[in-house]
Structures are given as structure tokens and as C-alpha cells.
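Only one structure is covered here, and it is reproduced in the block below.
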Amino acid sequence: MITNDIAQAVTIIASGKLCAIPTETVYGLAANALDESAVARVFEAKERPADHPLIVHVATTDDANEWITELPQWAIKLTESVWPGPLTIVGPRTALASDSVTGGQDTVAVRVPGHPIAQELLTELKLIGIKGLVAPSANRFGHVSPTSASHVLSDLGEYLSSHGDLILDGGECQVGLESTIVLATGTNPVVLRPGAITSKDIEQITGIAVSSQLANAPRVSGSLDSHYAPIAKVVLIAEESTAVSGANSGFLALAKVPTPNGLVRLGSPSTIDDFAHELYGCLRSGDDLKLEIIYVVPPTGEGLAQAINDRLQRAAF
Ligand code: TXA
Ligand code: MG
């Protein structure tokens, strides 16, 4: 069920089945965005509520224009600068985007992934008339996103194998956190989900101030309070905190932070980038070890540290 043969993935998707695919952020559970029954099976596999919209993945910025009617100048500048890359743009939908993809909203989320295997797959699919793939993160709803083929296997393997679906293995995801989602329907960019493309990046590229999330922002399932969570309880602690107890507990912090007595060290990333890259794998290994608590010292600072903190707060909720 796991392959690295892109041609096999093309055949599976063209036949209406599902294929977990690597991207530079996390693995996605992909289906032909124009095949209603395949899209329905994505919701079934993930046990995801039907009104949660999906991201459409396409090969190029031009292809994105088939799904979004029009974008403000700042958003065009942003996509030209970042795509292919870890950015999702939400804009007004064209008739291609069905209600099942958008959750009934009048906007659609689109992304051009940068992972070379995702790029090749999307390009091949386009040649046979498949204009885009829906691909939510390939985890059970609410669980930690997968950053390797084996993570997908452990969450969805049983379902996928019993339905003749596929996992396309592209190694470990480079970024390790889901894409930045930017709402592009107004005069200013609105970040709906922080990620590797930071607000500062967006302001530098567009020259326009990023506004904070709208009170009536569209539904983003990753913005539910409890999300991205392992089975173990995640507890966030300060670097200088030594009062944590050791029984059946794990620890994750930057390499410079020593391990409190008796705790199982789950990771020692040396940079913020490494922290993002390793985060979900570390949380999953805590569950594999059947730990009850995972203590995490969140990294401080701007940029990617903010995206990591966003995910950690939801994991700890
Ligand atoms: O990095 C990523 O974005 C990964 C990879 C696989 O591309 N995908 C991903 O998909 O994280 P998912 O479904 O787990 O998260 C997509 C988020 C959801 O929270 C969804 O609510 C939001 O995008 N979304 C989709 N369409 C939207 C729309 N029209 N308006 C607002 N949010 C939307
Ligand atoms: Mg997700």
C-alpha cells in the first residue's frame, strides 16, 4: 500500500481512489477535487465533519486561477513570490469548487505545494484532465498531522488498505507544520492559520499590513481550540521550570534546555526550524511510548516560533 511510484499514484487517483501524498508541510490525503464521491471518502477516512472545507492543491499559479475568480494585487504578488511553497490562499470560488470542497462557503482555499513529488504528481494529473486535488492533512480528525508515510500508516492504514487506497512515500516533510492560510478577499491580508510563511514575510512581500483574524472569520478546523493533539496530555512549561515530576512523562525542548530528572527526552531540536520539523514526530513518539504527559518548553520569538506556539497551545488545550 506504500509506494514511491508516482505513476501508480496517478492511476489510483484517476480511478477515484484516495492517495496520501507528501508535501513540504505535512502529508495530505488526496482525492480528485472534481470527483464528488472521492471527496466524500476523504471525509469518511478522516472522520472529519462534512462542513469543514478542504484545500485544493494545484501545480501552478495559473492553475489556481481556475479555482479562484479574482485576487487583489497584494495577493497576486504574494503567490508569485511564495508559490510553489507552504502558503494557502482563500479567495472567491469559481464554479469548479463544489460545496463539498468549500463546506458550502463562497470562498475556496488553494495551494501550490513545493514538494517535488507533489509537483510531479499534480503535473501528471493535469495532463489527463485532473485539475486539482483536495488534500487535508492525512490524520484522523483532531489528531497530530503526519510528517512521514509511517505516520499516515499508523493513523489511516487500516482504512486505506481496506479500500484499496495508496500512500505515496516522499520521505519526511521538510517544514513539518501545516501551510500558512491567508484570507485574500479584502484590502489587507488576514492570517487564518500561522505557518512557515510569517506575517512579517507577508508584510515584506506585499508592503501591506496584516490584519488580525476577523471575529467572523470563515471556518478553519485547525483553529478549533483543541486540535493537533496526541493522546498524551501536553503540558507547556517555562524553561526554568524544574518542578515537573518524572513518572511516565516525556520532554521536548530546544537542545540547550537540559532534561528534568526522570523525564524521557523526545527531541532536542537545535534550531526553531528543526523544532517545527520534529514537533509532530516527537508528539507521536510520546504516544508510541504510551507516555501520560509530554512536557514541552515552547520556543520563544517571532516568525516560525509563533506557528509552533499556535499548534502547541491547541495540542495542550
Ligand atoms: O499544509 C497544509 O495546508 C496541508 C497540506 C496537506 O497541504 N493541508 C492541511 O489541510 O493542513 P487541512 O484540511 O488539515 O487544513 C486546511 C484548513 C482547514 O482548517 C480548513 O478549515 C481551512 O483550511 N480552509 C479550507 N477552506 C477554507 C475556506 N474556504 N475558508 C477558510 N478556511 C478554509
Ligand atoms: Mg488538518
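Quick check on I55: is it in the same structural domain as T185 (by TED's automatic domain parsing), open to solvent by 10 Å² or more (accessible area, probe 1.4 Å), among the β-branched types (V, I, T) and within 18 Å of the chain's Cα centre (by Cα)? Against the criterion (in the same structural domain as T185 (by TED's automatic domain parsing), open to solvent by 10 Å² or more (accessible area, probe 1.4 Å), among the β-branched types (V, I, T) and within 18 Å of the chain's Cα centre (by Cα)), I55 qualifies.
When restricted to residues that are away from ligand 1 (no atom under 14 Å from the Cβ) and more than 16 Å from I128 (Cα to Cα), the stretch 1-44 contains 11. Just to be sure, is A40 assigned by TED's automatic domain parsing to the domain that holds S145, within 21 Å of the chain's Cα centre (by Cα), more than 19 Å from I202 (Cβ to Cβ) and not in a loop (DSSP other than H, G, I, E, B)? In short, yes. When you check R93 against the structure, is it basic (K, R), within 13 Å of ligand 1 (Cβ to nearest atom) and modelled with pLDDT under 95, yes or no? So R93 fails the test.
Taken over the stretch 65-91, the residue count meeting the criterion of being in contact with a helix residue (DSSP H, G or I) (Cβ under 8 Å, 6 or more places away or on another chain) and surrounded by fewer than 17 Cβ atoms within 10 Å (Cβ to Cβ) is 3.
Could you check, for the stretch 136-145, whether at least one of its residues is away from ligand 2 (no atom under 16 Å from the Cβ), touching a Pro at 6+ places or on another chain (Cβ under 6 Å) and either in the same structural domain as V191 (by TED's automatic domain parsing) or within 16 Å of C19 (Cβ to Cβ) (or both)? Show your work before the answer.
Of all residues in the stretch 136-145, those away from ligand 2 (no atom under 16 Å from the Cβ) come to none.
No, that holds for no residue.
Among the residues of the stretch 92-121, those identified as of a type in the set (A, V, I, L, M) and open to solvent by less than 10 Å² (accessible area, probe 1.4 Å) are A97, V101, V108, V110, V112, A118, L121.
Can you confirm whether Q119 is within 15 Å of ligand 1 (Cβ to nearest atom) and within 20 Å of A7 (Cβ to Cβ)? Yes: the conditions hold for Q119.
Checking the condition surrounded by fewer than 20 Cβ atoms within 10 Å (Cβ to Cβ) and either more than 19 Å from I76 (Cα to Cα) or within 16 Å of ligand 2 (Cβ to nearest atom) (or both), which residue from Q204, Q174 passes? Even if it seems obvious, please write down each step before you answer.
Values: Q204 fails: either more than 19 Å from I76 (Cα to Cα) or within 16 Å of ligand 2 (Cβ to nearest atom) (or both).
That would be Q174, the only listed residue that is surrounded by fewer than 20 Cβ atoms within 10 Å (Cβ to Cβ) and either more than 19 Å from I76 (Cα to Cα) or within 16 Å of ligand 2 (Cβ to nearest atom) (or both).
Only one of these conditions is not met by G129: (1) surrounded by 24 or more Cβ atoms within 10 Å (Cβ to Cβ); (2) without any contact (Cβ under 8 Å) to a residue 24 or more places away in the chain. Which number is it? Condition (1) is where G129 drops out.
The values are calculated or read from the model by the stated rules, or taken from the named source; none is laboratory data. Just so you know, these numbers come straight off a predicted model, no measurement behind them. Cβ atoms come from the backbone with ideal geometry, glycine included; neighbour counts cover every protein chain shown. Areas reflect the complete protein model, heavy atoms only, side chains present, ligands, DNA and RNA absent. Shrake-Rupley method; radii C 1.70, N 1.55, O 1.52, S 1.80 Å.
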